[in-house]
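Taking it in order: structure first as structure tokens, then the write-up.
The values are calculated or read from the model by the stated rules, or taken from the named source; none is laboratory data. Predicted, not measured: the structure shown is a model, and the values here were computed from it. Cβ coordinates were reconstructed from backbone atoms using ideal geometry, including for glycine residues, and neighbour counts include every protein chain displayed. In case anyone asks, the SASA skips ligands and DNA or RNA and just uses the protein heavy atoms, side chains included. Shrake-Rupley method; radii C 1.70, N 1.55, O 1.52, S 1.80 Å.
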Amino acid sequence: MSVLVVGQVILRNFFDLGLPWADELSRIANIALVFFAVPALMLHNRHIAIDLLFSALGARGKATLRFANYALITAFSAIFLFGLYKFLMRAGKFTTPSLSMPNYAVYAPVVIAIVLLLAVALYRLISRTEPVTEYDTDDGGNAIADAIEQEMAASQRPEDSRK
């Protein structure tokens with residue numbers, strides 16, 4: 001994708017030659033990359049999360065919030081797939097301007113990625129599990145936060161006052 005964009009810029013600026021299909025292909029690849037990243041990140045619990053509320057809750061509250069989260073993701077995925085189905089029923093047969101690809105092919109990665117997102121959300125709902133992140137420990141503490149706390153405590157200790 002990057003090679004296509006850089007090549008397109010070089011050809012356009014130095015040789016007055018444009019490749020319209022390169023822009024279109026890089027746009028399609030970018031969309032596919034973003035949509036495939038979402039279920040992969042959610043599967044491995046690597047997505048960005050603000051856990052201020054989550055960390056303040058007890059075990060039962062965390063379980064309820066986690067269930068609600070995955071239920072909402074499941075509903076979103078189902079609604080998104082239905083909307084995409086309705087859209088492709090009308091626009092699927094049309095082709096892209098430069099590559100002459102049908103919209104079915106352009107939106108296929110999106111459909112596959114949302115189906116994967118739905119599968120991950122349903123798996124989490126059914127199994128009621130959450131993957132453990134690398135900074136979680138068995139005692140429920142956070143090794144990174146503990147290391148920062150120790151570092152701060154060490155820097156605030158009075159210095160050795162030998163003269």
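Brief remarks follow.
- Region 1-156, dipole about Cα centre (Lys/Arg Cβ +1, Asp/Glu Cβ -1), debye to the nearest 20: 1040 debye
- With the simple spin-label model, which puts each label point 7 Å out from Cα in the Cβ direction, the Asn103 to Ser55 separation comes to 4.5 nm.
- Per-pair calculated FRET efficiency, R0 = 45 Å: Tyr123 and Val5 via Cβ, rounded to 0.05: 0.80
- CD proxy at 222 nm, helix term only [per DSSP H run n ≥ 4: -39500 (n - 2.57); per residue of the chain; nearest 500]: -24000 deg cm²/dmol
- Of Glu149, Glu130, Glu24, the order by accessible heavy-atom surface (1.4 Å probe, DNA, RNA and ligands excluded), from most exposed downward, is Glu149, Glu130, Glu24.
- Within the full protein context, the accessible area of Arg46 is estimated at about 140 Å² for a probe radius of 1.4 Å.
- With q set to 0.13, 0.19, 0.24 Å⁻¹, the log10 of I(q)/I(0) for region 1-86, from the Debye formula over equal scatterers at the Cα positions, is -0.67, -0.94, -1.16.
- Positive-end ranking of Leu125, Ala68, Val106 along the dipole of the chain, with charges on Cβ about the Cα centre, is headed by Val106.
- For the chain, averaging the sequence separation of C-alpha pairs within contact (under 8 Å, six or more residues apart) and dividing by the residue count gives a relative contact order of 25 percent.
- Share of carbon and sulfur in the accessible heavy-atom surface of the chain [1.4 Å probe, %]: 66 percent
- When each full DSSP H helix of the chain is screened for a Cα extent of at least 27 Å along its own axis and an average Kyte-Doolittle hydropathy of at least -1.0, the helices passing are 20-43, 59-91, 103-127.
- Share of pairwise Cα separations in region 77-134, more than 20 Å, in percent: 42 percent
- In Å², nearest 10: area of Ile148 left accessible to a 1.4 Å probe: 90 Å²
- Averaged per residue, the chain has 74 square angstrom of accessible surface, using a 1.4 angstrom probe with ligands and nucleic acids left out.
- Per the Cα gyration tensor, the chain maps to an equivalent ellipsoid with semi-axes of 44, 29, 10 Å, ordered largest to smallest.
- Highest-first packing order for the peptide set 26-32, 49-55 is 26-32, 49-55, based on the mean count of other beta carbon atoms within 10 Å.
- Highest-fluctuation residue, Gly58, Gly92, Gly83 considered, GNM on the chain with Cα pairs under 10 Å: Gly58
- Stretching the chain fully between Phe14 and Leu65 yields a gain of 12.8 nm (0.36 nm per residue, less the alpha carbon separation).
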